[in-house]
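Here the structure is laid out as structure tokens; the discussion comes afterwards.
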Amino acid sequence: MVMKDEKLETIYQDVLRRNPGEVEFHQAAREVLESVGPVLAKYPEFRERKIIERIIEPERQIIFRVPWQDDKGEVHVNRGFRVQYNSALGPYKGGLRFHPSVYLGIIKFLGFEQIFKNALTGLPIGGGKGGSDFDPKGKSDDEIMRFCQSFMTELWRYIGEHTDVPAGDIGVGGREIGYLYGQFKRLTSRYEAGVLTGKGLDYGGSLVRTEATGYGATFFVEEMLKVRKDSFDGKRCVVSGSGNVAIYTVEKIHQLGGKVVACSDSNGYIFDEKGIDLELVKQLKERERRRIKDYVEYRKHARYVDGGNIWEIPCQVAMPSATQNEINGKDAALLVKNGCIAVGEGANMPTTPEGIQVFLQAGIAYGPGKAANAGGVATSALEMQQNASRDSWTFEYTEKRLANIMKNIHQTCFETAEEFGAKGNYVVGANIAGFIKVAKAMVAHGLI
Ligand code: GLU
């Protein structure tokens, strides 16, 4: 499909030509380009100053070798990435993903989305992302530590509390951040807590950071439901994934009176009509690092479907919290047919362009990841604030800040969509609101 705006289509063709094979990046770039046409009409200076052409090109991309030894002494070589995408609003900020699917195109799609997500939080953070094609699955603690140390041995020279602040993403949680932080401290001889977020509570981490992405996504859906004079109370929900985002999405949905009946991992899904037993999922996934299929060993009435498609389970609220492109056009159509009224994305870009069209055409409440899952990075910015003032806030206070931020993001997206003639379309609202904020700062900074 060719874009309506000829100039934007030319820019997109250029993106394809200059970034061959990076399909996820093409997808993320296209979605934003398709939204920003009306902005250029309102702000001709953005076109004159070539803001789109500049925003789409990362400020800096770092690719490096990560050699490490496994427990048997065998040598392995992985590839490390850090894409410092945009620093108009603050130091580069965004997570690290350790997963075998990682290559430059994945990191660029994530980094690009991060720019607009971070802008939407209203906090002073630019956009970046990094990671490695390292597979943490089945590795011992020592192997993870050696890998993280090797990764940081190269990365440390590019990061800092005022330059670039990495955090977690898929495959990178508290354990990995701890090893990365230890190695950074050793290499620099500096106790610079603000260089990483998602730290442990004993050494500068923030309360609520662990829960933040899932809680935030749930707050966002709650806001979308409120607009429709509805709530989570009594709603049947499906949350894909069973990692950090999924776990705390389930927790908050249950607190708000909803019932989550299914969650998953990359092998299959579990279905529990009585409602997912979250303590059991936490035990299996957070403490014992096991697979979700083991759930049925402890809950005999539940069902595990190996290789099954979780979106075939009828639900009123769906919260994809696993990975990119996990909902295609067919899945979206099935969800709508089965009575789904709201979708909130805990993962980054979990719905394909075809799936998004299905949700928008059905008129359901659809909260795209860059708005709905911004609570994680927003709470990272709160962790940076606490580090900068050598303070630590209570759980209640931090959660209140998070809830407020999500409310504001929702309102900004809702109002922006309406202003630009797309009422109820949070994709347009999020893309335009995030874009305008970054673009204005870029114009102010001159041609750099
Ligand atoms: N990886 C998360 C995201 O996709 C959080 C990044 C952060 O806290 O910096 O937004």
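Just from its helices, what would the mean residue ellipticity at 222 nm be for the chain, if runs of 4 or more DSSP H residues each count -39500 (n - 2.57) and the sum is divided by every residue, rounded to the nearest 500 deg cm²/dmol?
Working: 18 runs with 211 residues, N = 448.
Value at 222 nm, helices only: -14500 deg cm²/dmol.
Membrane-span-like helices in the chain: DSSP H runs reaching 27 Å or more (Cα, own axis), mean Kyte hydropathy at least -0.5?
Working: long enough: 209-227 (28 Å, 0.01); 395-419 (36 Å, -0.82); 426-445 (29 Å, 1.15).
Flagged H segments are 209-227, 426-445.
With θ taken as phi - 60° and the coefficients 6.51, -1.76 and 1.60, list the Karplus ³J(HN,Hα) couplings across the range 273-289 in order, rounded to whole Hz; mark glycine and proline as x.
Calculated HN-Hα couplings, in order: 4, 6, x, 4, 7, 5, 4, 5, 4, 4, 4, 5, 8, 7, 8, 9, 6 Hz.
Using only the Cα atoms of the range 270-325, what do you get for the radius of gyration and for Dmax, in Å?
Gyration radius and largest Cα-Cα distance of the range 270-325: 11.8, 31 Å.
Taking the range 201-277 on its own, what percent of its Cα-Cα pair distances exceed 16 Å? If you can, show how the numbers build up before the last one.
Numbers: 1529 of 2926 pairs.
Value for the range 201-277: 52 percent of Cα pairs lie more than 16 Å apart.
Cα atoms only: what Rg and Dmax, in Å, come out for the range 300-356?
Spelled out, the Cα radius of gyration and Dmax of the range 300-356 are 11.5, 38 Å.
Taking only Cα atoms of the range 206-251, what ratio of Rg to Rh do you get with Rh as the Kirkwood inverse-distance radius?
Numbers: Rg = 11.4 Å, Rh = 11.2 Å.
Computed over Cα atoms, the ratio is 1.01.
Using a 1.4 angstrom probe, figure out how much accessible area the chain has per residue, in square angstrom, rounded to the nearest whole. Walk me through the numbers before you get to the answer.
Details: 18260 Å² over 448 residues.
With all protein chains present, the chain gives 41 Å² per residue.
Mind checking the dipole of the range 1-124: about its Cα centre, +1 per Lys or Arg Cβ, -1 per Asp or Glu Cβ, Debye to the nearest 20? Let's see the in-between values first.
Working: 19 positive and 17 negative charges, 55 e Å.
With only Lys, Arg, Asp and Glu charged at Cβ, the dipole is about 260 debye.
Specify, per residue and in Å³, the volume enclosed by the convex hull of the alpha carbon atoms belonging to the range 240-292.
On the way: hull volume 3.4 nm³, N = 53.
Roughly 64 Å³ of hull volume per residue.
Taking only the alpha-carbon positions of the chain and ignoring solvent, what does the Debye formula give for the base-10 log of I(q)/I(0) at q = 0.09 Å⁻¹?
-0.54
Which lysines, on any chain, are close to residue 199 with Cα under 18 Å apart, when same-chain ones fewer than 8 places away are left out?
List returned: 93, 129, 185.
Could you order 209, 303, 47 so the one with the most accessible surface comes first? Probe is 1.4 Å.
On the way: 209 40, 303 120, 47 95 Å².
Of 209, 303, 47, the descending order of accessible area is 303, 47, 209.
Would you work out what percent of the accessible area of the chain, with all protein chains in place, is carbon or sulfur (probe 1.4 Å)?
Numbers: 9160 of 18260 Å².
Ligands and nucleic acids excluded, carbon and sulfur reach 50 percent.
Could you tell me the convex hull volume per residue, in Å³, taken over the Cα atoms of the range 240-337? Kindly include the intermediate steps, with their values, before the conclusion.
On the way: hull volume 9.0 nm³, N = 98.
Convex hull of Cα atoms, per residue: 92 Å³.
Taking 22 Å as the cut-off for C-alpha to C-alpha distance, list the pairs among 117/337; 259/337; 259/293; 137/293; 4/423 that go past it.
On the way: 117/337 30 Å; 259/337 20 Å; 259/293 20 Å; 137/293 16 Å; 4/423 20 Å.
Beyond 22 Å between Cα atoms: 117/337.
Calculate, axis by axis, the spread of Cα positions in the range 1-150 along the three principal axes, and write the results as whole Å, longest axis first.
61, 34, 21
Work the Kirkwood hydrodynamic radius out for the range 176-222: mean of 1/r over every pair of different alpha-carbon atoms, inverted, in Å.
Details: mean 1/r = 0.0837 Å⁻¹.
For the range 176-222, the Kirkwood estimate is 11.9 Å.
State the volume of the convex hull built on the alpha-carbon positions of the range 356-447, expressed per residue in Å³ and rounded to an integer. Don't skip to the end; give the middle numbers.
Working: hull volume 11.1 nm³, N = 92.
Given the Cα convex hull of the range 356-447, per-residue volume reads 120 Å³.
Which value, in debye to the nearest 20, gives the size of the charge dipole of the range 278-390 about its Cα centre, when Lys and Arg are +1 and Asp and Glu are -1 at the Cβ? The partial results should precede the final answer.
Working: 14 positive and 12 negative charges, 65 e Å.
With Lys and Arg at +1 and Asp and Glu at -1, about 320 debye.
How big is the range 79-203 in terms of Cα radius of gyration and Dmax, in angstroms?
Reported Rg and Dmax, both Å: 13.6, 40.
Compute the whole-percent fraction of alpha carbon pairs in the range 68-145 spaced more than 18 Å apart.
Numbers: 1410 of 3003 pairs.
Of the Cα pairs, 47 percent sit more than 18 Å apart.
Are there trypsin sites (Lys or Arg not before Pro) in the range 1-30 that DSSP puts in a loop and that have at most 16 other Cβ atoms within 10 Å, and which ones? Walk me through the intermediate numbers first.
Details: sites: 4, 7, 17, 18, 30; in loops: 4.
Loop-located and lightly packed - 4.
Using only the alpha-carbon atoms, what does the range 309-411 span along each of its principal axes? Please give whole angstrom values in decreasing order.
Principal axes ranked by extent give 50, 22, 21 Å for the Cα atoms.
May I ask for the distance between the Cα centers of the range 154-218 and the range 266-287, given as a whole number of Å?
First find each Cα centre; the distance between them is then 27 Å.
The values are calculated or read from the model by the stated rules, or taken from the named source; none is laboratory data. Quantities reported herein were computed from a predicted structural model and do not represent experimental measurements. Note that each Cβ is placed from the backbone with ideal geometry, even for glycine, and that neighbours are counted across all protein chains shown. With ligands, DNA and RNA removed, areas are computed over all heavy atoms of the protein, side chains included. Shrake-Rupley method; radii C 1.70, N 1.55, O 1.52, S 1.80 Å.
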